[in-house]
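First up is the structure itself, then whatever we jot down about it.
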Amino acid sequence: MTHHERLLIIDFGSQVTQLIARRLRELHVYCEIHPFNRVDDAFLRDFAPKAIIFSGGPASVFEDGAPMPPKAAFEAGVPILGICYGQQAMMHCLGGKVERGHGTAEFGRAFVTPVEAKLSLLDGWFEDGGREQVWMSHGDHVSEIAPGFEVYGTSPNAPFAITADPVRQFFAVQFHPEVHHTPKGAKLYENFVRLAGFKGDWTMGAYREDAIAKIREQVGDQKVICGLSGGVDSSVAAVLIHEAIGDQLTCVFVDHGLLRKGEAEQVVTMFRDHYNMPLIHADESELFLTALEGVTDPEVKRKTIGRLFIEVFEKHAKSVGGATFLAQGTLYPDVIESVSFSGGPSVTIKSHHNVGGLPEKMGMKLVEPLRELFKDEVRALGRELGLPDSFIGRHPFPGPGLAIRCPGEITRDKLEILRNADAVFIDQIRRHGLYDAIWQAFVALLPVKTVGVMGDGRTYDYACALRAVTSVDGMTADYYPFSHEFLGETATRIINEVRGINRVTYDITSKPPGTIEWE
Ligand code: XMP
């Protein structure tokens, strides 16, 4: 990829390293995170960063084999910012001293006060001569700074909270400027990239151009297939690849009969008619629903759906006449190599395949044009590519679809009831302007019938549960605090408008201990 200006983040295993990348991307600076034990002199030469950041991490420089940056980093002639452990490692390497934190550990909010001369890294800090709030999380601390360094900020438990060697442009901070609890942290990163000479030209427009060139180079005149789920990631990947290679791309949309109301039509209309993409609409609902008859165990449901999905996908992929590439909407958080310190430094690669098992089974090469992007950047790229906001902002929808929202046996009747109830709930959320405030919302149809009364008659119908959560990444979640009026109105609408449901409940379980989906 033709990135002219790259910043390298050397990861020492901090929980918040990804946030450093976020802050930099917000400043339109292209950066990559690489674990310290993958960054050697040759890597550095090759990467040619315009600046380097050492992340924090859980280690202590006193440990045997403590992680250290390569010597070449200090000889690269580029600005370096060391954060927390990265600061200690920097001092250790350059001739300073680090002390074990006996009784001086500092976790949480602290205040840094200015010491003396001005430092360009701190423009906009200490503006009224006062102190700045920062977030500390350290046991060890620097007790003697390396030759050439001076102190620019100090806190009660970290006398060398901010130090720098302005000649070599090496900066070291004991706190974490990337977290929100350091309110002026973003300003510090802004100053750092400015003094490093970044133009800040990492825009989605530039990314789009680069990505298109890279896809063309990778694919040549070969064919590519893309499993389109209708979700944001696969949609953005498909549109981007289509822009790069046109009709060498064929999308396969597998309709397993477990989609929401109107979903298949929406996806097919948009991609085939609006974008003119070759699209196979594989209506395989009979196959899936027949195979799921009598299945009640959630794991068996998931495995059945996964197996059939691969079969169907393979069948249709063959029909495009020898595709050698499979496109996937893999995102950056899925591919960042994480550093593990258990039993010595080791590297685990977390790799998520949207179409699990397919690439290995089919012997295909992968095209993953979103590998360098965070979720919100994928949304920005989608907007850049002209995808409508209503599509880009869609709530996530799981691969197994309504099957995991219908505990117990799945029948066509139940799916119809569930689809109708779900449509009313989402309509309510939209009418009340709440859709974008919610991570995910849906109805689960319970395998329980209850007695009710409507008009003068007795009813005996299904109960359902509404589920709506807020979340940042789907790993943890809180239930959405709807008003009683909203809940009452929604229950009334569902019972009046959906045949087959006579009782509505609201699921107020957070994750953990619950999960977002019911199965
Ligand atoms: P849970 O239920 O585990 O879900 O809290 C977390 C997030 O993942 C989605 N999810 C899936 N997505 N295939 C997917 O593509 C799946 O099998 C699957 N299971 C859960 C879920 O909708 C939520 O956003």
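The values are calculated or read from the model by the stated rules, or taken from the named source; none is laboratory data. Since the model is a prediction, treat every value here as computed from it, not as a measurement. Virtual Cβ from ideal backbone geometry, glycine too; neighbours counted across all protein chains shown. We work out accessible area using only protein heavy atoms, side chains counted, and drop any ligands, DNA or RNA first. Shrake-Rupley method; radii C 1.70, N 1.55, O 1.52, S 1.80 Å.
Once Rh for segment 430-519 is found with the Kirkwood sum over Cα pairs, what is the Stokes-Einstein diffusion coefficient at 10 °C and 1.306 mPa s, in µm²/s?
Rounded, D is 112 µm²/s.
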Of the beta bridges DSSP finds with both residues in the chain, what % are antiparallel, to the nearest 5? 50
Could you bin all the Cα-Cα distances of segment 103-226 into 5 Å bins starting at 0 and give me the percent of pairs in each, rounded to whole numbers? 2, 10, 17, 18, 15, 9, 6, 6, 6, 6, 4, 3, 1
Cα extents of segment 167-326 along the three principal axes, largest first (Å): 70, 43, 27
Using a probe of 1.4 angstrom, how much of the accessible area of segment 428-519 is carbon and sulfur, in percent? 54
Taking the dipole of segment 53-156 about the Cα centre (Lys, Arg +1; Asp, Glu -1; charges at Cβ), the one of Ala76, Pro156, Ala59 that reaches farthest to the positive side is Ala59
Could you tell me which residue out of Val98, Trp125, Val112 lies farthest along the dipole of segment 69-125 toward its positive end? Charges go on the beta carbon: Lys and Arg +1, Asp and Glu -1, centred on the Cα centre. Val98
Suppose every K and R has +1 on its Cβ and every D and E has -1 on its Cβ; what is the size of the dipole of the chain about the Cα centre, in Debye to the nearest 20? 400
Where the centre of each part is set by its Cα atoms, how far does segment 97-140 sit from segment 263-314, in angstrom? 55
Radius ratio Rg over Rh of segment 55-121, counting only Cα atoms, Kirkwood formula for Rh: 0.99
Give me the angle, in degrees from 0 to 90, between the Cα long axis of helix 17-26 and the longest principal axis of the Cα atoms of the chain, rounded to the nearest 10. 90
Taking 22 Å as R0, compute the FRET efficiency from the Cβ-Cβ separation of Lys71 and Ser143 and round it to 0.05. 0.45
Lys and Arg at +1, Asp and Glu at -1: neighbours of Val112 with Cβ under 9 Å from its Cβ sum to 0
At each listed q (0.11, 0.13, 0.15, 0.24 Å⁻¹), what is the log10 of I(q)/I(0) that the Debye formula gives for segment 38-150 modelled as equal alpha-carbon point scatterers? -0.42, -0.59, -0.78, -1.46
If each K or R counts +1 and each D or E counts -1, the residues other than Gly56 whose Cβ falls under 14 Å of its Cβ total -3
Round to the nearest 0.05 the FRET efficiency obtained for Asp507 and Ala117 when R0 = 56 Å and r is the Cβ-Cβ distance. 0.45
Label zone at Val472, where the point sits 7 Å out along the Cα-to-Cβ direction: segment 420-445 residues whose backbone N lies under 19 Å: 437-440
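So which trypsin sites (Lys or Arg not before Pro) in segment 428-519 pass both tests, a DSSP loop state and at most 16 other Cβ atoms within 10 Å of the Cβ?
Listed in order of number, the matching sites are Arg499.
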What angle, in degrees between 0 and 90 and rounded to the nearest 10, separates the Cα long axis of helix 232-245 from the longest principal axis of the Cα atoms of the chain? 80
Probe 1.4 Å, accessible area per residue of the chain, Å²: 44
Helix 85-94 versus the longest principal axis of the chain: what is the Cα-based angle in degrees, 0 to 90, to the nearest 10? 30
Over the Cα atoms of the chain, what is the Rg over Rh ratio if Rh follows Kirkwood? 1.04
Selection from Val167, Leu195, Phe486, by position along the positive dipole direction of the chain (Cβ): Phe486
Counting Lys and Arg as +1 and Asp and Glu as -1, each charge on the Cβ, what is the dipole of segment 370-455 about the Cα centre in debye, to the nearest 20? 200
So what is the orientation-averaged projected area of segment 374-456, using the convex hull of its C-alpha atoms, in nm²? 7.9
List, largest first, the extents of the alpha carbons of segment 465-509 along their principal axes, each in whole Å. 34, 21, 14
Using 7 Å Cα-to-Cβ label points, what is the His4/Arg168 separation (nm, one decimal)? 2.9
Enumerate by residue number the GluC sites (Glu not before Pro) in segment 358-454 meeting two conditions: DSSP loop (anything except H, G, I, E, B), and at most 16 other Cβ atoms within 10 Å of the site's Cβ. Glu409
Where in segment 187-204 does the amide nitrogen come within less than 15 Å of the point 7 Å from the Cα of Asp376, taken along Cα to Cβ? 187, 204
Treating only the Cβ atoms of Lys and Arg (+1) and Asp and Glu (-1) as charged, compute the dipole magnitude of segment 98-253 about its Cα centre; round to the nearest 20 debye. 120
Applying the Karplus parametrisation 6.51 cos²θ - 1.76 cosθ + 1.60 with θ = phi - 60° to the phi angles of segment 144-159, what ³J(HN,Hα) value in whole Hz is obtained for each residue in order, glycine and proline being reported as x? 8, 7, 6, x, x, 8, 10, 8, 10, x, 9, 10, x, 9, 9, x
Determine the sum of side-chain charges near Met136: Lys and Arg each +1, Asp and Glu each -1, restricted to other residues whose C-beta is under 15 angstrom from that of Met136. -1
If you roll a 1.4 angstrom probe over the protein chains with everything in place, what fraction of the accessible area of segment 184-291 belongs to carbon and sulfur, to the nearest %? 48
Helical mean residue ellipticity (222 nm; -39500 (n - 2.57) per DSSP H run of 4+; nearest 500) of the chain: -9500 deg cm²/dmol
Under a no-solvent Debye model with one identical scatterer per Cα of segment 1-95, what's log10 I(q)/I(0) at q = 0.10, 0.12, 0.13, 0.16 Å⁻¹? -0.23, -0.34, -0.40, -0.60
Relative contact order for the chain, counting Cα pairs under 8 Å that sit 6 or more residues apart, in percent: 10
Under the Debye formula (equal points on every Cα, no solvent term), log10 I(q)/I(0) of segment 145-206 at q = 0.13, 0.30 Å⁻¹: -0.44, -1.27
